Amino acid sequence: MTRSKDNKHEETMNKLSAEDLKATVEALLYLEQEPLSVSRVVELSDASPSEVRSVFEEIASELRTRKAGIQLDQVSEDVYEYVPRYDLWDFLLGIYGFERTKRLSRAARETLAIIAYQQPITKREIENIRGVSADTMIKILIERGFVEAKERSHAPGTPWLYGTTQTFLDFFALSSIADLPRLDEIDQFKFAREGEE
């Protein structure tokens, strides 16, 4: 029975019209907790990458044209997410305060915590701790103003070292990084162990 339902779902997704594909992408952008990639939509539908990119462009254009309260942000190549319109951020921060961080996915919040506690830290070191690519999450955090590239590491390839910004400190009402809540021994061990793997 379950297999039959799964097959029916796959058949429905594979028969999406252009209009339904657009509606589906809009729904996925709303529901997914991570930024939505072209490859993810292709995986769920019978659309080609070029068709999916066109849908993203159409959605972004429509939001700009009607000056919607949200916009479609391209956070990296072929990866998109809904965010509040940039000129509304300060106003929304005044209303919601800390609630604004909930606009960050769990992955972005985890990445921010790693950078805050381990800075200065390279992208590769972040990836060693999380076990996945950090490109998109770092870009999101830089765009939000919480993280910045501080200086080049002396490691091979001289990768960037990332750290938090004054905006990060102001947002969390910290006078310095030393004011961050202390990690307990279990968390410290977890950071060290994962960073070595």
Next item on the list: Note down the magnitude of the dipole of the range 13-52 about its Cα centre, charges +1 on Lys and Arg C-beta and -1 on Asp and Glu C-beta and zero elsewhere, to the nearest 20 debye.
Entry: 40
Item checked: Derived scalar couplings ³J(HN,Hα) [the range 127-142; Karplus, 6.51 cos²θ - 1.76 cosθ + 1.60; whole Hz; x for Gly, Pro] -> 5, 5, 6, 7, x, 9, 4, 10, 3, 5, 5, 5, 4, 4, 5, 5
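Can you tell me the order of 138-147, 65-74 when each peptide is scored by its average per-residue count of other Cβ atoms within 10 angstrom, highest first? Let's see the in-between values first.
Values: 138-147: 19.7, 65-74: 13.3.
Ranking the peptides 138-147, 65-74 by packing returns 138-147, 65-74.
Stick to the Cα atoms of the range 19-126, pair each with every other, and give me the Kirkwood hydrodynamic radius in Å at one decimal. Let's see the in-between values first.
Working: mean 1/r = 0.0646 Å⁻¹.
So the Kirkwood estimate lands at 15.5 Å.
Each reported figure results from applying straightforward, stated rules to the coordinates on display, with no laboratory input. Keep in mind the model is a prediction, meaning the values are calculated, not measured. Here Cβ is always computed from backbone atoms with ideal geometry, including for glycine, and neighbour counts include all displayed protein chains.
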